[in-house]
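Visitor: Structure provided below as structure tokens; questions to follow.
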Amino acid sequence: MNRFLQGSLLAASVIASTLTVADEVRPPFNQRPAFLLGEVSQHYYDGITDDLLTAGLGASGLASPTPSGFVEPLQPGPQELRRLAIYNNYRALVDTVPGGGYGVFFGPQVGGSGSGLIPGHEYVAYMTVPGSEVSVTVMAQVPDSFDPRRPCMVTAPSSGSRGIYGAIGTAGEWGLKKGCAVVYTDKGTGTGAHNLASNATQRIDGTLSQADEPVLFRAGLDDPARADFNAAWPDRFAWKHAHSRANPEADWGRHVLQSVEFGFYVLNRRFGHELGNNQTLMTINPRNTLVIASSVSNGGGASVRAAELDERGLIDGVAVSEPNVNPRPDSGFTIRQGDGPVISGHSRSLLDYTTALALYQGCANQAPGIRDIAPLNGVFNPPAVGANICSALASRGLVSGVGTDEQAAAALRILNEDFAIQPEQNLLAPVHFGLSVAQSIAMTYANAYGQTGVDDRLCGLSLAATDALGAVTPLDPVREAALFATSNGIPPTAGVNLVYDAAAGQPTLLAASTSPGTGLPDHGFEALLCLRALAAGQDPQTGEPLQGEAADLAQRIAAGIDAVRASGNLRGKPAVVVTGRADAILPINHTSRPYFGLNRRVEGEASGLHYYEVLNAQHLDVLNGFPGIAERYIPLHHYYFQALDLMYDHLRHGTALPPSQVVRTVPRGSLTTPLAAANLPAIAATPATADLIEFADNQVRIPD
């Protein structure tokens, strides 16, 4: 029986009990945590003109293709920025296009009434981790439906590098509709963007500031150093995740645990009170509160790490989707899907496989069988540029073959075989490359792991707005005023792009640049080769170790990667992970699958982890609204909500969690055919034997 359910059998007496300072629930959750910085702002949203979940837009407003504008575009107010931030962050994670499940299987209005507006209180503050000077944003939302007699809490660390509202449409929606308090953190990433030319950046409410006051982020340059940088590299931006000279991911789990403590603090500000002269308190605390660690992608990985670090029993269970988790490498087990090859080279780091995707995918996009059928490939990836990338790879001996067809096939083979990236990702990877997903992740995380600053200009890359020809230009002031609400925290975003400073001719948009060594437009091949070398710690061409400053930087990056590795020890907590087999951003042979195996190696029969692999599902549901993708893929978001439902019922009622399994969905086949229940079979309580995922004889066995 789980710890929370044991406590719930005595719920009435526990919830009304008095707790002494000697109780196990230290620290006292009615006192301000020491990690908070400055004041805690508080707002009440009435659920009529404004609300916690939709910022007053309602379900129809979130689905509208046109967001609300600002009264003063150059000086939007905090509530206007909040509204646009919620609009953009919700739509970035959830497919709101008609027919894709929105309003039927998920959405603010599903499972509730009206348009989905949820009244309640919102608390926002800065916090920090001991030993770090980087400010982190934390937020707690407490809906009016929260019942202090049956308290529950859900963690919602942001996905990707997003800001504080980055999980509003995922863990936020589910928790608020359930009547739970939801605690958010931007995990030390977020939308802090420092304009080095104007010295403007964002306050915690999103408004711009040039003053010496608490802000989301400023680069660590004094005025003379900033002036020198601007003289050499004008109109550049520093971004918090990339340029804070920290490795925020190493503390993601701690950030989540702190957000839980913050949640208890604000709940007790509202509901706790003294009971007489003996100073005992009725408090909402870990013993009487159901706490689920949740979120998706980076947020899911952060909640997994929080559960691993949870020595005080703050978390009761884990329910995450497509988590960015870097399992500690363990050669003692393998992975095998069906009768396919046995995979021993699993558990590569995010930077390892992402730099490989950044380097090889531009060529692989032109492989026969991919180039003409991959959705939007022709739109985002000009064949001539792909051919140039193939030629550059071949000239370095990194792919074999004569001509683009053979070279592209070799590049694709390297990704699928050498890097164990699932073939199911091949049709989606081209659109991701065209959107610079791998390129932006590689640049941001190499900087973060190496703890470098904007002035280091790692691999000759910087961040700036660009014009129609790819040249650096000042960011439009209207766009800059809205950065808090429009940025996803990892350029290219909100008008700020990746720039290759060493491009032939002049600094140029990476995707449009020509490397000096090739003389042909090649998507900044030399910059991507540099990132790959730093991730591998060796020259990709010769295999020889790096030398000098490059070797020192590669060692710092390797240490940064070691600091984010997951242990696999969930301390016996029940956990549910759902992942799409076609994930083209976080390949499952390096994330969910090996984490499942590592957890079984570490915890053995005591493991409470259940893994559900969903067919025809991928990482970015928002892409499901596009032709060519909608026909092939179903919303993983639907199964994420199922995972939360399963965990809640398990913790609250003792319902058994279903065995690990493959979920066999049915694509709708046509953009004009709405998703139906038949397309989305439930995670089965008793799956067929042929669908069971098992760990046996030190092997993760996945059915085809």
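The values are calculated or read from the model by the stated rules, or taken from the named source; none is laboratory data. Every value quoted in this text rests on a predicted model; they were computed, and no experiment measured them. Don't worry about glycine lacking a Cβ; one is built from the backbone with ideal geometry, like all the others, and counts go over all protein chains shown. Ligands, DNA and RNA are excluded from the accessible area calculation, which covers all protein heavy atoms including side chains. Shrake-Rupley method; radii C 1.70, N 1.55, O 1.52, S 1.80 Å.
Visitor: Of all residues being of a type in the set (A, V, I, L, M) and over 21 Å from the mean Cα position of the chain (by Cα) in segment 412-434, which is nearest to Gln618 (Cα to Cα)? Just the residue, please.
Guide: Leu427
Visitor: Let me ask another. Does Ile373 satisfy the criteria of being among the β-branched types (Val, Ile, Thr), farther than 16 Å from Val437 by Cα and surrounded by fewer than 21 Cβ atoms within 10 Å (Cβ to Cβ)?
Guide: So Ile373 fits the description; yes.
Visitor: Any residue at all in segment 289-303 that is touching a strand residue (DSSP E or B) at 6+ places or on another chain (Cβ under 7 Å), of a type outside the set (S, T, N, Q) and open to solvent by 10 Å² or more (accessible area, probe 1.4 Å)?
Guide: So far as segment 289-303 goes, no, none of its residues is touching a strand residue (DSSP E or B) at 6+ places or on another chain (Cβ under 7 Å), of a type outside the set (S, T, N, Q) and open to solvent by 10 Å² or more (accessible area, probe 1.4 Å).
Visitor: The conditions are (1) touching a residue at least 60 places away in the same chain (Cβ under 8 Å); (2) open to solvent by 10 Å² or more (accessible area, probe 1.4 Å), and His610 fails exactly one of them. Which is it?
Guide: Here His610 meets the rest and fails (1).
Visitor: Do we have Gly301 as closer than 22 Å to Ala575 by Cβ, within 26 Å of the chain's Cα centre (by Cα) and part of a helix (DSSP H, G or I) here?
Guide: yes
Visitor: Looking at (1) outside any strand (DSSP E or B); (2) in contact with a helix residue (DSSP H, G or I) (Cβ under 8 Å, 6 or more places away or on another chain); (3) of a type in the set (Phe, Trp, Tyr); (4) within 21 Å of Val40 (Cα to Cα), which is the only condition Tyr184 fails?
Guide: The single condition Tyr184 does not satisfy is (1).
Visitor: When the residues of segment 376-400 are filtered to those that are more than 27 Å from Ile343 (Cβ to Cβ) and hydroxyl-bearing (Ser, Thr, Tyr), which remaining residue is most open to solvent (accessible area, probe 1.4 Å)?
Guide: Ser395
Visitor: Something else: Could you figure out which of (1) open to solvent by less than 30 Å² (accessible area, probe 1.4 Å); (2) free of Cβ contacts under 8 Å to residues at least 12 places away in the same chain isn't true of Asn624?
Guide: Only one criterion in (1) open to solvent by less than 30 Å² (accessible area, probe 1.4 Å); (2) free of Cβ contacts under 8 Å to residues at least 12 places away in the same chain is unmet by Asn624, namely (2).
Visitor: If you don't mind, another one. Looking at segment 590-607, which of the residues that are part of a helix (DSSP H, G or I) and either touching a helix residue (DSSP H, G or I) at 6+ places or on another chain (Cβ under 9 Å) or open to solvent by 10 Å² or more (accessible area, probe 1.4 Å) (or both) is nearest to Ser303 (Cα to Cα)?
Guide: Tyr595
Visitor: Determine which single condition Ser331 fails, assuming it passes every other condition in (1) under 22 Å from the mean Cα position of the chain (by Cα); (2) outside any helix (DSSP H, G or I).
Guide: (1)
Visitor: Still on this structure: Filter segment 401-425 down to the residues that are open to solvent by less than 70 Å² (accessible area, probe 1.4 Å) and either aliphatic (A, V, I, L, M) or not in a helix (DSSP H, G or I) (or both) and list them by number.
Guide: Matches in segment 401-425: Gly401, Ala408, Ala409, Ala410, Ala411, Leu412, Ile414, Leu415, Phe419, Ala420, Ile421, Gln422.
Visitor: Is it the case that segment 434-453 has a residue that's more than 20 Å from Ile389 (Cβ to Cβ), touching a residue at least 40 places away in the same chain (Cβ under 8 Å), out of contact with any His (no Cβ under 9 Å at 6 or more places or on another chain) and open to solvent by 10 Å² or more (accessible area, probe 1.4 Å)?
Guide: yes
Visitor: Go over the candidates Ser68, Ser115 one by one and state the one that is more than 28 Å from Asn679 (Cα to Cα), open to solvent by 30 Å² or more (accessible area, probe 1.4 Å) and at pLDDT below 95.
Guide: Ser68 is the lone residue from the list that is more than 28 Å from Asn679 (Cα to Cα), open to solvent by 30 Å² or more (accessible area, probe 1.4 Å) and at pLDDT below 95.
Conditions (1) in contact with a strand residue (DSSP E or B) (Cβ under 8 Å, 6 or more places away or on another chain); (2) open to solvent by 30 Å² or more (accessible area, probe 1.4 Å), marked per residue:
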{"position": "Gly543", "(1), (2)": "no, yes"}
{"position": "Glu549", "(1), (2)": "no, yes"}
{"position": "Gly560", "(1), (2)": "no, no"}
{"position": "Ala566", "(1), (2)": "yes, no"}
{"position": "Ala575", "(1), (2)": "yes, no"}
{"position": "Thr579", "(1), (2)": "yes, no"}
{"position": "Ala584", "(1), (2)": "no, no"}
{"position": "Ile588", "(1), (2)": "yes, no"}
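Visitor: Something else about it: Would you check which residues across segment 63-109 are in contact (Cβ under 8 Å) with a residue 60 or more places away in the chain, closer than 25 Å to Ala630 by Cα and among the aliphatic types (A, V, I, L, M) and list them?
Guide: Ile86, Ala92, Leu93, Val94, Val97, Val104
Visitor: Could I ask something else about it? Within the set of pairs 6+ apart or on separate chains, which have a first residue in segment 563-582 that is over 10 Å from Val325 (Cβ atoms), a second that is in a strand (DSSP E or B) and open to solvent by 10 Å² or more (accessible area, probe 1.4 Å), and C-beta atoms under 9 Å apart?
Guide: Going by the 9 Å Cβ cut-off, the qualifying pairs are Pro574/His610; Ala575/His610; Val576/His610; Arg581/Gln337.
Visitor: Within segment 194-201, is there a residue that is farther than 29 Å from Gly107 by Cβ, of a type in the set (Val, Ile, Thr) and modelled with pLDDT of 95 or more?
Guide: yes
Visitor: Then there's this: Return the pairs, sorted by first residue and then second, in which the second residue is open to solvent by 60 Å² or more (accessible area, probe 1.4 Å) and basic (Lys, Arg), the first residue lies in segment 673-697 and is under 18 Å from Leu615 (Cα atoms), the beta carbons are less than 9 Å apart, and the residues are 6+ apart or on different chains.
Guide: Close Cβ pairs satisfying both conditions: Pro681/Arg664; Asp691/Arg664; Leu692/Arg701; Ile693/Arg701; Glu694/Arg701.
Visitor: Moving on to the next point. Taking segment 70-100 only, how many residues are of a type outside the set (Asp, Glu) and in a loop (DSSP other than H, G, I, E, B)?
Guide: Selection size over segment 70-100: 13.
Visitor: So, one more: Out of Leu81, Leu62, I need the residue that is more than 21 Å from the chain's Cα centre (by Cα) and surrounded by 18 or more Cβ atoms within 10 Å (Cβ to Cβ). Which one?
Guide: Just one listed residue meets the conditions, Leu81.
Visitor: Return yes or no: is Arg701 open to solvent by less than 60 Å² (accessible area, probe 1.4 Å), basic (Lys, Arg) and touching a residue at least 12 places away in the same chain (Cβ under 8 Å)?
Guide: Considered against the rule, which asks whether it is open to solvent by less than 60 Å² (accessible area, probe 1.4 Å), basic (Lys, Arg) and touching a residue at least 12 places away in the same chain (Cβ under 8 Å), Arg701 comes out as no.
Visitor: Follow-up. Going by what's in this entry, would Thr655 be described as β-branched (Val, Ile, Thr) and open to solvent by less than 50 Å² (accessible area, probe 1.4 Å)?
Guide: No: the conditions fail for Thr655.
Visitor: A follow-up question, please. Hey, could you check segment 469-487 for residues that are part of a loop (DSSP other than H, G, I, E, B) and closer than 11 Å to Asn195 by Cβ and say which is least open to solvent (accessible area, probe 1.4 Å)?
Guide: Taking the candidates together, the pick is Leu475.
Visitor: Here is a follow-up. Do we have Val110 as in a loop (DSSP other than H, G, I, E, B), closer than 20 Å to Asn89 by Cβ, of a type in the set (Val, Ile, Thr) and under 25 Å from the mean Cα position of the chain (by Cα) here?
Guide: In short, yes.
Visitor: Give me the residue from segment 118-159 that is modelled with pLDDT under 95 and small (Gly, Ala, Ser) and, out of that set, surrounded by the most Cβ atoms within 10 Å (Cβ to Cβ).
Guide: Ser135
Visitor: Would you be able to tell me the number of residues in segment 209-247 that are crowded, with 24+ Cβ neighbours inside 10 Å and assigned to a helix (DSSP H, G or I)?
Guide: Here the count works out to 4.
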